[in-house]
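Asks: Supplied in structure tokens, the structure appears directly below.
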Amino acid sequence: MRYTGNKVIEEDIQGDATLIESEEVGNGKKLYIESYGCQMNFADSEIVASILIDEGYTTTANYKEADVILVNTCSIRDNAEKRVLNRLRNYQIVKKLRPGAIIGMLGCMAERLKSQLIEKDKLVDLVVGPDAYRSLPSLLKSAEGGQKSVNVLLSREETYADISPVRLDNNGISAFISIMRGCDNMCSFCVVPFTRGRERSRDPESIIHEARELLLKGYKEITLLGQNVDSYKWNITAKGEIIEPGEEVVNFSGLLEKVALLSPELRIRFSTSHPKDMTDEVLTTMAKYENICKYIHLPVQSGNNEILQKMNRGYTREWYFDRIDKIRQLMPDCAISTDIIIGFCDETDEHYNETFKLMDEVKFDFAYMFKYSERPKTLAERNFSDNVPEDVKSKRLQQIIDLQSSHSLRSYKQMVGKVCTVLIEGESKRSSDQLYGRNTQNMVAIFDKDELKKGQYVDVLIESCTSATLFGKVIKTDKN
Ligand code: SAH
Ligand code: SF4
Ligand code: F3S
């Protein structure tokens, strides 16, 4: 995930902290929200802000002056939780300076730890899980009255479809739209099904409406979000029950097409695809529309079939290769990234070598790589032992990071000499005379500013690169 507005404090991917802030004028109490974790959590913070602004709160970028501090948390790995706990300890200073201030925990850690943080650790006044944000105004009222409040009820229906998110940290060009919530996959290492509950899809009408509104406000890129976008399905439940009789059934490919047709000027991205569910139909739709970006994040996790089975991923190495072949056959220029976990339970050198070999064969354009971190209550925690020694995990991780760096450099080098269409997102961090944006493959390109503005599409001749950035010169601009 990339946040590009000037309010970004720290930037990182999945499981690291990015502070999102926005200042509003108003007479109400001041709210400060900080978010950790995946893009869905950031999108949720925008829903939370919307709910509370409707109640008369205003947002602030400075936690020291906030009446309410909300930390939207992630449980995906142990270190993600540790970071949040440290942060909450820091916030106790605010409590000392301003005893009336309220500190609340939202998101996946709230769901996982429930009232523990209030009762045992005494770090927060408020604990609210991902499906309970509509109850925030009343819970805040109770908390202001001195009552510690908890709502961690998960829902089978809640999609916040009717809430128009307040775009917090934002460049005014790209925005997230959640299209579904929860996950039914039960990958054995993963805490998400426990923290986010059952999978449910959001009404396509409300998604199209939100996309149209963004378009009217001048946005040029939207990212459709879900833990497994390929299983998006309106309006049939997993059990085959029809939710709203008479309404059209829409799958992910259908949704993509509807959004793509809104305007050729609007770019569409999505995340995350699951190899077991990614259909040829989705790939054909991607290939058909130029404004659907040619970039797929397809987490493989492991290259070994025994480990994949233990992970409960629902596909084999061979199936994964078949998906890669199909992507490349239909869209030869499509970038592919992945997630890898090394050191999962009982992973031997042989198992690991198959992951290494898979990476070497596919040559991903980008990869997020993690050491396995055992999570409470997951199938892996209950059934297997986290038995790969830490030093072995570290060694394996370093090897695949080095391998991936060479692959990333290779794919960036392949762009040199070519012309890419880039959507300008803002000023380059390195120089105010330069701008940056991304090409369809999600690669960052930097070029001279001249008279150009963010939101414009430009054709850039790529002249050089590093393993993470393309440098070039603009040879053609759109008319805006
Ligand atoms: N829904 C997405 C992934 C969400 S979590 C999918 O299915 O691909 C993002 C990534 O975190 C996962 O792809 C996985 O690589 C990593 N991850 C999840 N649980 C983990 C754990 N217990 N230890 C280490 N990495 C983990
Ligand atoms: Fe977790 Fe698997 Fe669901 Fe992704 S698909 S969120 S890894 S359970
Ligand atoms: Fe983290 Fe929850 Fe997302 S565990 S990765 S914030 S769904």
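The values are calculated or read from the model by the stated rules, or taken from the named source; none is laboratory data. In this text the structure is predicted, and so the values were computed from the model without any measurement. Here the Cβ is made from the backbone with ideal geometry for all residues, glycine too, and neighbour counts use every protein chain on show. Side chains included, ligands, DNA and RNA excluded: accessible areas come from the protein's heavy atoms. Shrake-Rupley method; radii C 1.70, N 1.55, O 1.52, S 1.80 Å.
Asks: Among Ser373, Ser405, which is the only one that is assigned by TED's automatic domain parsing to the domain that holds Pro193 and within 16 Å of ligand 3 (Cβ to nearest atom)?
Replies: It is Ser373.
Asks: On to the next question. Being assigned to a loop (DSSP other than H, G, I, E, B), within 16 Å of ligand 1 (Cβ to nearest atom), farther than 30 Å from Ile173 by Cβ and open to solvent by less than 10 Å² (accessible area, probe 1.4 Å) is the requirement here; does Pro275 meet it?
Replies: yes
Asks: Identify the single condition in (1) out of contact with any helix residue (DSSP H, G or I) (no Cβ under 8 Å at 6 or more places or on another chain); (2) under 24 Å from Thr378 (Cα atoms) that Gly172 does not satisfy, given that it satisfies every other one.
Replies: So Gly172 meets the others, but not (2).
Asks: Still on this model: Please find, within segment 295-315, the residue that is farthest from ligand 3 (Cβ to nearest atom) out of those that are assigned to a loop (DSSP other than H, G, I, E, B) and open to solvent by 20 Å² or more (accessible area, probe 1.4 Å).
Replies: So in segment 295-315, the residues assigned to a loop (DSSP other than H, G, I, E, B) come out as 298-300, 302-304, 311-315.
Then keep just the ones that are open to solvent by 20 Å² or more (accessible area, probe 1.4 Å); that gives 312, 314.
Working: Asn312: 17, Gly314: 19 Å.
My answer is Gly314.
Asks: Being of a type in the set (A, V, I, L, M) and assigned to a loop (DSSP other than H, G, I, E, B) is the filter here; which residues of segment 440-480 pass it?
Replies: Those that are of a type in the set (A, V, I, L, M) and assigned to a loop (DSSP other than H, G, I, E, B): Met443, Leu452, Ala468.
Asks: While we're looking at this one, here's another question. Give the residue, chosen from Arg410, Arg396, that is within 30 Å of Lys476 (Cβ to Cβ), assigned to a helix (DSSP H, G or I) and touching a residue at least 12 places away in the same chain (Cβ under 8 Å). Full working, then the answer.
Replies: Values: Arg396 fails: within 30 Å of Lys476 (Cβ to Cβ).
Result: Arg410 is the single residue among Arg410, Arg396 that is within 30 Å of Lys476 (Cβ to Cβ), assigned to a helix (DSSP H, G or I) and touching a residue at least 12 places away in the same chain (Cβ under 8 Å).
Asks: Taking segment 423-439, which residues are assigned to a strand (DSSP E or B) and open to solvent by 30 Å² or more (accessible area, probe 1.4 Å)? Talk me through it step by step, then tell me what you get.
Replies: Residues of segment 423-439 that are assigned to a strand (DSSP E or B), as a first pass: 423-427, 434-438.
Within segment 423-439, Glu427, Gln434 meet the criteria.
Asks: Can we say Thr195 is touching a residue at least 12 places away in the same chain (Cβ under 8 Å), within 16 Å of ligand 2 (Cβ to nearest atom) and not in a loop (DSSP other than H, G, I, E, B)?
Replies: The answer is yes for Thr195.
Asks: Hey, any hits in segment 260-268 for a residue that's among the β-branched types (Val, Ile, Thr) and open to solvent by 30 Å² or more (accessible area, probe 1.4 Å)?
Replies: No, segment 260-268 has no match at all.
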